[in-house]
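One structure is given below, encoded as structure tokens.
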Amino acid sequence: MSSETLTVDIRDLHKYYSIGDEKVHALRGINLKVKHGEYIVIMGPSGSGKTTLLNMVGALDTPSNGECFIDGLSLSDLNSQELSSLRVFKIGFVFQTFNLIDSLTALDNVAFPLHLSGKSRKEIRARAAEALKLVGLEDRMHHLPGELSGGQRQRVAIARAIANKPSLILADEPTANLDLQTGMQIVELLRKLNRETGVTVINTTHDLKLIDIADRICWLRN
């Protein structure tokens, strides 16, 4: 598989933490290739390293050993400014806790990270509105998070992730705080966006109902 066809290429990735004299391995020798446009689900129990792996791929943390490439770029070769730019333009993040700002409307929550892109205020608000429309929240744009259901708040978080049209979405347990029906709606929405826009999705979970959604299941154990 050529590197040109890959969104993510992880090579012998290790992450360990030192606790006193003890070295604790969070990740041990991970290898993973994700093609453009794939929907990958990473499954495993709590504590297996799923979030740690996403943090490596999303350039939110650095590996102890090994390499991670995004669209052919080695993260270890990028400086802090280049990594920040990568997170703004190439990667969209969806978290289980939504991470919305309570005092901002849905529209302003989606627009907030776009201000780092250097686009005009008019274009930023247009992109935010477009993203909210894609997730079915065009009639909730001016509502505060406290006025939205859990599923609607997660849709706002997804809109925020896709607003800058990234090549990769990293979704960390996006259904964990939702009921079964709402969780399935969120998963189906991510799959729909993946198919219609071609964005690559890596979704971590321990929820077996996601097995039928993904192109490929990857398991993390021990």
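Values in this text are rule-based calculations from the coordinates and carry no lab data. All values derive from a computational prediction rather than experimental measurement. For neighbour counting, all protein chains shown are included, and Cβ atoms are generated from backbone atoms with ideal geometry for every residue, glycine included.
Need one number: nm distance between label points at A126 and S84, each 7 Å from Cα along Cα→Cβ, rounded to one decimal.
Each label point is offset 7 Å from its Cα along the Cβ direction, giving 2.7 nm.
What list of ³J(HN,Hα) values in whole Hz, one per residue of region 20-32 in order, does the Karplus curve 6.51 cos²θ - 1.76 cosθ + 1.60 (θ = phi - 60°) give from phi, with Gly and Pro shown as x?
Going residue by residue, I get x, 8, 9, 9, 9, 8, 8, 9, 9, x, 7, 10, 7 Hz, with x marking Gly and Pro.
Can you work out the FRET efficiency for the pair D108 and V24, with r the C-beta to C-beta distance and R0 = 35 Å, to the nearest 0.05?
Efficiency computed from Cβ-Cβ geometry: 0.30.
Taking the chain as a Gaussian network, where each spring joins two C-alpha atoms under 10 Å apart, which residue of T175, T204, T97 fluctuates the most?
Most flexible of the set in this elastic network: T97.
What nm distance separates the two modelled labels at M184 and T5, each placed 7 Å from Cα along Cα→Cβ?
Each label point is offset 7 Å from its Cα along the Cβ direction, giving 3.4 nm.
Using Cα extents along the principal axes in Å as the read-out, say which of [x] 63, 39, 22; [y] 51, 40, 39; [z] 76, 39, 36 was calculated from these coordinates.
Comparing each candidate, only [y] matches the computed number.
Could you work out [θ]222 nm for the chain from helices alone, using -39500 (n - 2.57) per DSSP H run of at least four and dividing by all its residues? Round to the nearest 500 deg cm²/dmol.
About -9500 deg cm²/dmol.
As an exercise, use a Förster radius of 30 Å and the Cβ-Cβ distance of I217 and Y17 to find the FRET efficiency, rounded to the nearest 0.05.
Approximately 0.65, to the nearest 0.05.
Among T182, P145, L208, whose Cα lies farthest out toward the positive end of the dipole of region 116-217, if unit charges sit on the beta carbon of Lys, Arg (+1) and Asp, Glu (-1)?
Looking along the dipole axis, the top candidate is P145.
For the chain, give the share of DSSP beta bridges that are antiparallel, in percent and rounded to the nearest 5; count only bridges with both residues there.
Once the DSSP bridges in the chain are tallied, antiparallel ones form about 45 percent.
In nanometres, what is the gap between the two model label sites at H115 and H143, each 7 Å from Cα along Cα-to-Cβ?
Result: 2.4 nm between the two label points.
In the Gaussian network model of the chain, springs joining C-alpha atoms below 10 Å, which of A128, A163, A176 carries the largest mean-square fluctuation?
Checking each option, the largest mean-square fluctuation is seen for A176.
Under the Karplus relation 6.51 cos²θ - 1.76 cosθ + 1.60, θ = phi - 60°, what is the ordered set of whole-Hz ³J(HN,Hα) values for region 82-90, x standing for Gly and Pro?
These are the phi-based 3J(HN,Hα) values: 5, 5, 4, 5, 4, 5, 6, 9, 10 Hz.
If the limit is 18 Å between Cα atoms, which of K90/K119; K35/K90; K90/K165; K15/K35; K133/K209 go over it?
K15/K35; K133/K209
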